[in-house]
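Please read the structure below before turning to the comments.
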Amino acid sequence: MTVAVCNTGKDDKTRPPPDVKSSVFMQDSWTIHAYVMAHDGSASVVLLEDGIRIIRGNRKDDYALPLNIGQRDYMWHPDCKRLAFWVRAKPKNPKPGEIAAERKALAILDTTRLPPGPIRAEEVDKIPYEIVYWSSNTSSPFGIEWSPKGEAIFVLSTDQDPEDNQTYGVLTRIELGGNNKNTEIVRVPGEIDFFMPPVSRFERGEGPSTAEYQIIYGHLGGLFVIGPKGENLLQLAAIPANGLYNVEWNPSPRANQVALYFRKAVQAPNGKSFKGVYLIDINRVGGAKGAATPAPEGEEVGLGPGIEELYDQTDIHTLWFSPKGKYVTWSGPRAVYFRGPAETPDKMVRVTIPTLPDGEDPLIKGVSWHSNEQKLAIAAGNRLYIYDVPSKDLYPVAELGTMNDTFTAEPRWVGEQVWVSSYEDAIKSNRVTKPGEIKIGRPGHEVDPTGGRGNSKAGGTPPPAPGATTEKKPPSNAPSGGITNPGKKN
């Protein structure tokens with residue numbers, strides 16, 4: 001699993017080769033992300049087999065952490081200083097009746113207080129993270145999202161009530177500071193399939209947003225919005241959400257729009273089937289000033305005013321708005337689509353990757369918009385491409401490994417460069433892992449301590465960096481741009 005920074009100039013002769021930031025041998029510990037970048041691009045967390053590497057500029061510090069197996073993801077606070085993540089831990093001073101054994105917990109780490117690395121597992125007490133939420137003997141937490149204001153973090157869980165033996169979906173608000181007060185704001189029978197505050201308001205480094213906001217969530221009873229403290233619960237539509245795979249808010253607070261992706265077909269009460277990508281204008285659904293009201297129960301359930309079908313297929317892995325909300329964007333393995341939210345369907349743009357000279361068709365794994373909304377970075381096959389919107393020009397800028405054993409994913413613009421991850425199948429490549437200086441990693445599977453620079457341009461193949469091989473690929477739909485088991489964020 002390799003993380004590299006790619007230059008995006010069009011000229012092959014003058015464009016520098018990709019700069020490799022980290023190469024890790026991962027065996028049976030696949031993660032949704034190879035790296036998680038701070039929203040403003042100032043730092044990046046690279047996931048290692050038993051910890052993290054934090055990269056700021058040319059500095060790299062490694063930290064061993066008691067990561068929660070199966071959920072190895074990190075969520076940056078809007079201030080780009082704090083991180084939220086799951087750990088395995090024991091309460092230091094358990095309360096009467098509280099579980100004293102090791103269990104899943106939500107931790108927050110202020111990265112500005114970290115000591116220089118490396119910090120090994122036996123020194124973990126030197127890492128100043130704070131636990132703000134504990135699982136219990138009845139609850140199973142699985143989703144986390146920050147408030148766009150940064151004053152709270154939300155946890156999604158299922159809870160088995162011992163009194164009635166029923167399962168409930170629970171959304172909990174955790175106030176930051178003081179005693180980190182936990183407050184349930186939603187509790188419904190069954191499961192909450194998805195929830196999302198408008199995190200797109202800060203995901204490009206805008207910082208905490210002062211604008212008011214709502215949280216959208218869904219379960220079998222339909223789609224709902226609710227205030228951040230549990231106030232003003234309103235139903236948007238009677239579409240059951242059990243097929244809902246992702247929700248994205250338009251980053252503009254004035255737009256009050258969300259894009260939805262139904263990965264599997266669901267039926268509204270009137271029998272109408274829903275699948276694919278939809279756009280909801282909450283202001284139009286509920287009338288003036290976004291006062292959403294329940295959808296009608298007649299023929300128009302789920303497709304009344306303000307709800308538009310954008311795409312009727314279920315092959316989508318990425319769903320984004322562009323940074324300022326100019327375009328709504330969705331992508332599958334064969335094409336990237338985008339259009340203005342207010343534009344007519346005939347204005348939709350479809351971008352495809354051409355077949356390579358050897359007959360291979362590169363599959364698209366991720367998409368990222370430049371901050372100026374004029375360029376798209378597209379990870380496809382083992383290459384990174386740039387699409388220029390005004391000229392409609394598409395060109396490759398980097399190639400990592402070979403089409404036979406490597407694919408790229410997770411493109412992310414930082415200035416005029418693009419960060420990207422690549423995943424190599426060591427069995428197919430028949431390469432040998434070269435041990436380096438041991439910092440974090442099992443013997444023989446060490447992390448490359450130098451993060452060396454590759455030496456090939458687009459069209460060439462870089463040599464293996466130390467520790468760059470992987471034993472096997474993750475599922476083909478794992479690291480795919482904007483979707484990370486959304487609403488059940490890891």
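The values are calculated or read from the model by the stated rules, or taken from the named source; none is laboratory data. Note that the structure is a prediction, hence the values are computed from the model and not measured. Cβ: placed from backbone, ideal geometry, glycine included. Neighbour counts: every protein chain shown.
Please verify whether the stretch 106-121 includes one or more residues that are closer than 16 Å to Val170 by Cβ, under 21 Å from the mean Cα position of the chain (by Cα) and at pLDDT 90 or above. Yes: the stretch 106-121 contains one or more residues that are closer than 16 Å to Val170 by Cβ, under 21 Å from the mean Cα position of the chain (by Cα) and at pLDDT 90 or above. For Leu260, indicate whether it is more than 24 Å from Arg412 (Cβ to Cβ) and aliphatic (A, V, I, L, M). No. Note on the stretch 265-277: among residues that are more than 20 Å from Ile316 (Cβ to Cβ) and small (Gly, Ala, Ser), the one that is surrounded by the most Cβ atoms within 10 Å (Cβ to Cβ) is Ala268.
Listed by position, the strands (runs of 3 or more DSSP E) enclosed by the stretch 219-264 that each have at least 2 residues that are at pLDDT below 90, over 23 Å from Ile316 (Cα atoms) and over 21 Å from the mean Cα position of the chain (by Cα) are 234-237. Out of Ile69, Ile52, Ile32, one residue alone is over 19 Å from Glu145 (Cα atoms), at pLDDT below 90 and in a loop (DSSP other than H, G, I, E, B). It is Ile69. From the list Ile174, Ile185, the one residue that fits, being under 17 Å from Lys104 (Cα atoms) and crowded, with 17+ Cβ neighbours inside 10 Å, is Ile174. Residues in the stretch 390-441 that are over 22 Å from Val46 (Cβ atoms) and either at pLDDT below 90 or surrounded by 15 or more Cβ atoms within 10 Å (Cβ to Cβ) (or both): Leu394, Pro396, Thr402, Met403, Asn404, Ile427, Lys428, Asn430, Val432.
If you go through the stretch 390-404 one residue at a time, do you hit one that is outside any strand (DSSP E or B), touching a helix residue (DSSP H, G or I) at 6+ places or on another chain (Cβ under 9 Å) and without any contact (Cβ under 8 Å) to a residue 40 or more places away in the chain? Yes, the conditions are met somewhere in the stretch 390-404. Using the structure shown, decide if Phe202 is among the aromatic types (Phe, Trp, Tyr), over 26 Å from Phe274 (Cα atoms) and touching a residue at least 40 places away in the same chain (Cβ under 8 Å). So Phe202 fits the description; yes. Taking the stated definitions as given, is Ile192 under 20 Å from the mean Cα position of the chain (by Cα), more than 30 Å from Val414 (Cβ to Cβ), part of a loop (DSSP other than H, G, I, E, B) and among the β-branched types (Val, Ile, Thr)? So Ile192 passes the test.
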